[in-house]
Amino acid sequence: MTDIDAYISVHEKPTIGRRTALKAGAAAGAFAAFAALGSQPAGAQGRSGRKSSPDYGPLYPTRDLVTGLELLALPEGFSYMSYGWTGQIMDDGRPTPTDHDGMAVVAQKMNGSQVVMVRNHENSEGEGPQAFVEGGMYNPRQFGGTTNLVFDLKKKRFVESYNSLGGTVRNCAGGLTPWRSWISCEETFHTFDDGRFGDVNHGYIFDVPAYRPSNGVPIRSAGRFSHEAVAVDPRTGIVYETEDARPSGLFAYHNPGGPGHLEDGGDLYAYAITDDPGADLSASFANGTRFQGEWVKVEDPEGREGRPLDSAPGAALFSRLEGIWYTRGNIVFISTDGGDAGLGQVWLLNPKNDELRLIYESTDPAVLDGPDNVAATAAGALLLCEDGDSDPKRMIGLSRSGDLFDFCHNNTELKAGDIDVIDGIYPGTKDNFWDDAVGDYTSREWAGATFHGDWLFANIQSPGVTFAITGPWFLGALG
């Protein structure tokens, strides 16, 4: 089995036991799956105003199986466990860094019982415990990086964690690859060689393997800008990239030397609307609106003379592009504050013909407020991690028929006694960045949602914790 075959097998095959109808529907592809949205006017919600799923039902405060604390609100029948708290001592002896962000399951071990995920930490200089990797440090002055987590599907628990990339800046999101790794993105940009980070530049992407630390070497040909996330098309090896910039950011792609050979060079291209060069796609459009696109070469991908966008004449402009995901031959990506209401847009690109389509634009913060990271389910639905002004922050499902519903609420509020409980389970946690951890975190963002089989893994960025969630997925749109 090739790496690409393995990727498709793990990340596209519906989970055994899910409803036959959903399996059959998923085969039609994500681009057709959202066809029902095309007839809706801009901002039309349909049944989307519903606060909870009609299938999964209302949300209830639910106790963590590990700590006993009511950290999340979930539908009846779902359960979860916490792991990887900020300061928790990992298997390499170092405390877990803070500011958990993008994450994905990137590999499954040969015996099939364990999956490996890579998790970003959106830190800069001096922020919390440092992500430190011998031989995998890019800039020792900086505290950003990644950690790897191992989850045992048979034992139903996390079994290992360790640092895998260090010395980077604001590792926000990234994306999984067909070659069993995670591309971690630096969400920062500065004038080239201005010295603010010493004698190195930042704003690159890094390839982090599943089973060993990264070499800490940036992929320079993929560009230097305020990277948010990437999605790799396993059939071509092309890396699609989003730029988190306001008011205008790039939607780009990098064509490397081949799948798994990012270091071999390649060029960077920006997406442009064929008959409307420089189109501003942060404006409001009707759900289902389609655009025909093409790609223009970015002549200054490392931003040596200014922003890379400036060297891509005619590139389409997006506002705060963030999460992106490859799903069944298509690329879904998010504009966090796109649309006239500034509440977010969900876009879908068909890479076979470069047609772009607006899947959903929010006009009501009660329904969706600032989507950020995104993950696709095996059934073809989407799960959106919220990062707007809502409190509590939500993970929101977007069904194949275009309905939105609250799936999970951040219910995390820590008291002094709660921190003692966590420290009792994970000794050493309280001594590493936990002195000021008491507080209400319900308004802190979700990030890093990733599905595998019967499990959803996700992070709350602050106080920094990872969850493994399971339950009767088959009852609703996420199954």
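The values are calculated or read from the model by the stated rules, or taken from the named source; none is laboratory data. Everything numeric in this text was worked out from a predicted model, so none of it was measured. Here Cβ is always computed from backbone atoms with ideal geometry, including for glycine, and neighbour counts include all displayed protein chains. Protein only, heavy atoms only, side chains kept; ligands, DNA and RNA dropped before computing areas. Shrake-Rupley method; radii C 1.70, N 1.55, O 1.52, S 1.80 Å.
The criterion of at least 3 residues that are closer than 26 Å to residue 396 by Cα and over 23 Å from the mean Cα position of the chain (by Cα) is met by the following strands (runs of 3 or more DSSP E) wholly inside segment 56-154: 59-62.
Within segment 57-72, residues that are within 12 Å of residue 418 (Cα to Cα) sit with their Cβ atoms under 8 Å from residues that are in a strand (DSSP E or B) and open to solvent by 70 Å² or more (accessible area, probe 1.4 Å), at 6+ positions apart or across chains, in these pairs: 70/61. Screening 197, 192, 158 for residues that are outside any loop (DSSP other than H, G, I, E, B), surrounded by fewer than 23 Cβ atoms within 10 Å (Cβ to Cβ) and not β-branched (Val, Ile, Thr) leaves exactly one candidate, 158.
Among the residues making up segment 205-218, those that are open to solvent by less than 10 Å² (accessible area, probe 1.4 Å) and either more than 20 Å from residue 373 (Cβ to Cβ) or of a type in the set (A, V, I, L, M) (or both) are 205, 208, 210, 214, 216. Selection over segment 200-239 of residues that are closer than 18 Å to residue 300 by Cα and either among the basic types (Lys, Arg) or part of a strand (DSSP E or B) (or both) gives a count of 6. For segment 173-183, state whether one or more residues are polar (S, T, N, Q) and open to solvent by 40 Å² or more (accessible area, probe 1.4 Å). No, segment 173-183 contains no residue that is polar (S, T, N, Q) and open to solvent by 40 Å² or more (accessible area, probe 1.4 Å). Filtering 424, 464, 417 for residues that are within 23 Å of residue 150 (Cα to Cα), of a type in the set (Gly, Ala, Ser) and open to solvent by 10 Å² or more (accessible area, probe 1.4 Å) leaves a single hit, 424.
So, in segment 391-420, of the ones that are hydroxyl-bearing (Ser, Thr, Tyr) and either modelled with pLDDT under 95 or under 19 Å from the mean Cα position of the chain (by Cα) (or both), which residue ends up nearest to residue 435 (Cα to Cα)? Among them, the one singled out is 399. Can you tell me which residues in segment 430-442 are within 27 Å of residue 386 (Cα to Cα) and open to solvent by less than 50 Å² (accessible area, probe 1.4 Å)? Result: 434, 437, 439, 441, 442. When each of 380, 417, 339 is tested for being free of Cβ contacts under 8 Å to residues at least 12 places away in the same chain and more than 17 Å from residue 442 (Cβ to Cβ), the lone residue that passes is 417.
Scanning segment 273-294 for residues that are under 13 Å from residue 355 (Cβ atoms) and outside any loop (DSSP other than H, G, I, E, B) yields 273, 290, 291, 292, 293, 294. Show the residue pairs that are 6+ apart or on different chains and have beta-carbon atoms under 6 Å apart, the first residue being within segment 293-306 and under 22 Å from residue 347 (Cα atoms), the second being β-branched (Val, Ile, Thr) and open to solvent by less than 30 Å² (accessible area, probe 1.4 Å). Listed by first residue and then by second, the contacts come to 293/273. For segment 91-111, a residue qualifies if it is under 23 Å from residue 446 (Cβ atoms) and either open to solvent by less than 10 Å² (accessible area, probe 1.4 Å) or modelled with pLDDT under 95 (or both), and the qualifying residues are 96, 97, 98, 100, 101, 102, 103, 104, 105, 106. Among the conditions (1) in a loop (DSSP other than H, G, I, E, B); (2) of a type outside the set (D, E, K, R); (3) in contact with an Asp or Glu (Cβ under 8 Å, 6 or more places away or on another chain); (4) more than 30 Å from residue 91 (Cβ to Cβ), the only one that residue 245 does not satisfy is (3).
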